[in-house]
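The values are calculated or read from the model by the stated rules, or taken from the named source; none is laboratory data. Since this is a predicted model, take the numbers as computed values, not measurements. Glycine also receives a Cβ, built like all others from the backbone with ideal geometry; neighbour counts cover every protein chain displayed. What goes into the accessible areas is simple: the full protein's heavy atoms, side chains included, and nothing from ligands, DNA or RNA. Shrake-Rupley method; radii C 1.70, N 1.55, O 1.52, S 1.80 Å.
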Amino acid sequence: MKIYEHCYQRLKEIFKEEPFHIIAIAITGSSAYGMNTKESDTDVMGIFLPPLSYILGVDRIDQLIFKKGIMPFEGTLYSFSKWYNLMTQQNPNVLELLWHSDNMYVYEDDIFWPQLYEKRDSFLSKKLKHSYGGYAWAQMQRLTKLNQKVNQNTKRLDNFEKFGYDVKAASHVFRLLNSALDALVDHEITVLRPERQFLLAIREGKYTYEEMRDMADEKIALVEQAYVKSTLRNKIDYDLQRRTHID
């Protein structure tokens, strides 16, 4: 069964006979970044419009999580309101849904999605420096600390013990910082990373911890400079948000 069909059937189980609408679904994660390996999982993200009772607040659902093992993929489908709120807060993963390569989209409707996609440039603000930077900082804090997820992943644990730091977390640091730099300078999110060979080299432990930290410090300085010079608006245009509607 295809990804769209899995998502549709799961939503149908939840909403029963009430009408709902899937707006978009994309393959995300390492496959979208161009960093997937044969061990990589399939990650998905999408948006759905719930039944009217949920929109009016009689009932509520913010997201639907798919777990590996139960499904042949893992990821999250967000209600439109939840996704839109996270997007205006410049959440990296959620914001990127508007900027994937065409072949990463499993499904796009022809009613709501074009209205969002057409305005995607207007959904960027300098606030992304803080959101992307915050996620990068969180990954930096994990470099020399074994968390539960690492302990459960034999290969990741082996790499940690071999290289002395979490190389996968390190690759995420540079991906996030580079993405923020692109957005601040070029006003677009590049999901398929042009520096993916460099990111894969980090994951393969080609750089020492000290080298990686030095490069990260240099990249952070570049992001700070780009933030000061960026012509992006300081925050999302809320007048634009009010004008953005689903006909």
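Can you name the residue in the range 209-237 that is hydroxyl-bearing (Ser, Thr, Tyr) and at pLDDT 95 or above and, of all such residues, is surrounded by the fewest Cβ atoms within 10 Å (Cβ to Cβ)? I'd like the intermediate steps shown before the answer.
Of all residues in the range 209-237, those hydroxyl-bearing (Ser, Thr, Tyr) come to 209, 227, 230-231.
Next, only the ones that are at pLDDT 95 or above stay: 227, 230-231.
Working: 227: 18, 230: 21, 231: 8.
Per the stated criteria, the residue is 231.
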Open item on the list: Pull out all pairs, ordered by first then second residue, where Cβ-Cβ is under 6 Å, the residues are six or more apart or on different chains, the first lies in the range 157-177 and is part of a loop (DSSP other than H, G, I, E, B), and the second is buried (at least 23 other Cβ atoms within 10 Å of the Cβ) and among the charged types (D, E, K, R).
Closed with: none
Task: Subset of the range 61-82 (residues that are surrounded by 13 or more Cβ atoms within 10 Å (Cβ to Cβ) and assigned to a loop (DSSP other than H, G, I, E, B)) - done: 61, 62, 72, 73
- [ ] Would you mention how many residues in the range 111-127 are at pLDDT below 95 and assigned to a loop (DSSP other than H, G, I, E, B)?
- [x] 3
Task: Flag for residue 125 being in contact (Cβ under 8 Å) with a residue 24 or more places away in the chain, open to solvent by 70 Å² or more (accessible area, probe 1.4 Å) and of a type in the set (Gly, Ala, Ser) - done: no
- [ ] Taking residue 35 as meeting all but one of (1) farther than 20 Å from residue 108 by Cβ; (2) open to solvent by 20 Å² or more (accessible area, probe 1.4 Å); (3) outside any strand (DSSP E or B), write down the number of the exception.
- [x] (2)
